[in-house]
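Reading through the C-alpha cells given below for one structure.
The values are calculated or read from the model by the stated rules, or taken from the named source; none is laboratory data. Please read all numbers here as calculations on a predicted model, not as lab measurements. Note that we place each Cβ from the backbone using ideal geometry, even for glycine, and neighbour counts take in every protein chain shown. Only protein heavy atoms, including side chains, enter the accessible area calculation; ligands, DNA and RNA are left aside. Shrake-Rupley method; radii C 1.70, N 1.55, O 1.52, S 1.80 Å.
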Amino acid sequence: MPPISQIFTNSLWSFFSSQINKSLLQIKIRANSYNSWQKNIICLYLLNATKYNVLKRILPLFSYILHPIFISMYATLFYLFCKNDIFTNEEKYYVLFQILIITILVPVLFFLLLRSTGHVNSVMVHETSQRKIPLILQCFLYILLVKRSIIITRYPELHFFFLGALFSTILALVCSLFKIKASLHMMAISGFTIFAIGLNIHLQMQNPYWAAFLILMTGVVATSRLEMEAHSPNELLIGTFIGIFPQLLFLYLWL
C-alpha cells in the first residue's frame with residue numbers, strides 16, 4: 001500500500017488536473033509520466049495560481065466597498081461610535097441622515113445626470129478631464145456640511161475632518177486642472193485613517209486595533225487600484241499625500 005503522503009499527492013494532482021484550463025489541457029499532460037516530487041512541485045504551483053486568481057477577483061471589491069463616496073459615512077459612524085454617550089439616538093440618526101443625503105445620495109444622482117449627458121462614463125471616473133465637475137460639486141457639499149450641519153460647536157472633531165476633506169478635494173481639483181491624476185480612493189481612505197488615529201489619541205481610547213485595521217485597508221485599497229490598473233504607484237502616492245496632509249494640519253487644532 002503506498003504511503004499516505006503519496007496518496008494525498010495523487011489525489012491533489014487528480015483534482016487540479018481536472019480543474020486546469022483548456023490551454024493546459026492542450027499540452028496533453030499525463031499525470032502518470034511524473035514522479036512524486038514533480039507532482040508536488042506542480043501541485044504547489046497550481047495552488048499558488050489558484051490563490052492568485054481568488055485574490056484577483058476579491059481585490060476589486062474593496063475599490064467599491066471603500067469608494068470615496070462612502071468614506072464620509074464610515075467616518076461619521078466611527079465618530080458617533082467613539083462618542084456614543086454624548087449624543088442621543090435621535091441626534092445620531094439625524095446626523096447620519098444628513099450625511100447620507102449630502103455625501104451619498106446627492107453625488108449619486110448628480111453622477112447619473114452627468115453620465116446621461118456623457119460627461120462621465122464610469123463610477124470610478126478614470127479620466128482626469130471628467131473629474132472637474134464632480135470635484136467642484138463635492139467641494140460645495142463639504143462647505144454645506146461644515147457651515148450648516150456638522151458645526152464646530154457641537155461636533156468639533158468631525159467638523160475638522162470634513163474641513164480637511166474639503167481641502168483635500170480642492171487639492172485634487174487643482175491636480176485635475178494641471179492634468180495630474182491623483183487617486184481619490186487613496187485620498188479618502190488615508191484621510192479617514194489619520195482622523196481615526198487622531199480621535200483615538202484625543203479620546204484616550206488606547207485601542208490600536210482601529211488604526212491598524214485602517215492602515216491595513218489603506219494597503220488593500222492601494223493593491224486593489226493597482227490590480228485594476230486604475231492608477232500608477234505615483235498616482236497612489238499623490239492621492240495619499242493630499243489625503244493625509246490637510247488632516248494632519250487640522251489635527252493640531254482639535255487634538
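Of the candidates Ile136, Ile238, the single residue that is of a type in the set (Val, Ile, Thr) and within 30 Å of Leu59 (Cβ to Cβ) is Ile238. I'm trying to understand the selection: among the residues of the stretch 162-217, which are more than 16 Å from Ile71 (Cβ to Cβ), of a type in the set (S, T, N, Q) and part of a helix (DSSP H, G or I)? Selection gives Ser176, Asn200.
Which members of the stretch 206-255 meet the condition of being open to solvent by 60 Å² or more (accessible area, probe 1.4 Å) and within 24 Å of Pro156 (Cβ to Cβ)? Gln206, Pro208, Trp210, Phe245, Leu248, Leu249, Tyr252, Leu253, Leu255 - these are the residues of the stretch 206-255 that are open to solvent by 60 Å² or more (accessible area, probe 1.4 Å) and within 24 Å of Pro156 (Cβ to Cβ). Within the stretch 147-161, the residues that satisfy the criterion of being crowded, with 20+ Cβ neighbours inside 10 Å, assigned to a helix (DSSP H, G or I) and in contact with a Phe, Trp or Tyr (Cβ under 6 Å, 6 or more places away or on another chain) are Glu157, Leu158, Phe160, Phe161. When Leu100 is tested against (1) out of contact with any Leu (no Cβ under 6 Å at 6 or more places or on another chain); (2) under 15 Å from Ile189 (Cα atoms), only condition (2) is not met. Pull out all pairs, ordered by first then second residue, where Cβ-Cβ is under 6 Å, the residues are six or more apart or on different chains, the first lies in the stretch 240-255 and is closer than 23 Å to Met205 by Cα, and the second is surrounded by fewer than 16 Cβ atoms within 10 Å (Cβ to Cβ). Within 6 Å, the pairs are Trp254/Pro156; Leu255/His202. The single condition from (1) over 30 Å from His159 (Cβ atoms); (2) surrounded by 14 or more Cβ atoms within 10 Å (Cβ to Cβ); (3) free of Cβ contacts under 8 Å to residues at least 60 places away in the same chain that Glu127 fails is (2). Residues in the stretch 104-135 that are closer than 23 Å to Leu177 by Cα and among the hydroxyl-bearing types (Ser, Thr, Tyr): Thr117, Ser122, Thr128, Ser129.
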